[in-house]
């Protein structure tokens with residue numbers, strides 16, 4: 001699984017972990033060496049976990065309770081971020097062109113207009129994770145333009161930045177939650193997710209054969 005550990009610093013700490021003990025709702029996870037520093041951990045804060053389950057990624061929120069060793073942490077599982085509908089739940093890994101931009105209003109003295117281009121990592125009916133060469137200068141009311149396959153026009157919507165991870169120098173993973181998405185564009189995204197899943201399944205069958 002992949003865990004975004006709440007940090008005392010500006011950005012969360014993303015690292016891989018293995019679930020070694022579960023006594024619901026208590027979890028014990030073991031991490032790779034040097035995944036985190038004790039002083040950086042924010043005890044008592046909520047953390048996001050992404051767990052692969054039956055070909056899908058299940059997202060879970062868990063509270064970081066304590067440090068159990070140099071590589072082990074204890075968590076308490078809370079409500080899964082399992083949305084009420086398949087539209088929000090379904091998520092697919094895909095690499096599509098994406099553009100993020102913000103137009104500052106005349107009264108916004110401390111915020112400037114900006115635009116950057118990147119590539120999506122995964123996509124769902126409620127948000128998108130993408131890779132950029134820079135960190136977004138602002139977090140709210142971001143215009144997103146996603147170029148989906150088999151769509152005549154790009155998908156355009158507004159989103160908010162919910163997480164930023166610096167992978168390495170000048171490489172950032174940015175998670176957006178869709179703030180304003182009409183039913184037409186949401187249907188396009190869901191259709192795109194299902195089409196990409198069908199392609200992946202066909203490729204797996206061909207490889208097996």
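The table below lists the values:
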item	result
Condition met for residue 209 (surrounded by 12 or more Cβ atoms within 10 Å (Cβ to Cβ), more than 19 Å from the chain's Cα centre (by Cα), at pLDDT below 90 and farther than 26 Å from residue 14 by Cβ)	no
Test: residue in the stretch 73-86 that is surrounded by fewer than 16 Cβ atoms within 10 Å (Cβ to Cβ) and at pLDDT 90 or above	yes
Check on residue 35, within 24 Å of residue 178 (Cα to Cα) and either modelled with pLDDT under 90 or surrounded by 12 or more Cβ atoms within 10 Å (Cβ to Cβ) (or both)	no
Unique residue being assigned to a strand (DSSP E or B), at pLDDT below 85 and either assigned by TED's automatic domain parsing to the domain that holds residue 155 or farther than 28 Å from residue 51 by Cα (or both) when the list is 92, 109	92
Test: residue in the stretch 186-206 that is touching a helix residue (DSSP H, G or I) at 6+ places or on another chain (Cβ under 8 Å), at pLDDT below 90 and under 26 Å from residue 4 (Cβ atoms)	yes
Counted residues, the stretch 118-143 - those being at pLDDT 90 or above and either part of a loop (DSSP other than H, G, I, E, B) or surrounded by fewer than 14 Cβ atoms within 10 Å (Cβ to Cβ) (or both)	10
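The values are calculated or read from the model by the stated rules, or taken from the named source; none is laboratory data. Predicted, not measured: the structure shown is a model, and the values here were computed from it. Reconstructed Cβ throughout: ideal geometry from the backbone, glycine too, with neighbour counts over all protein chains shown.
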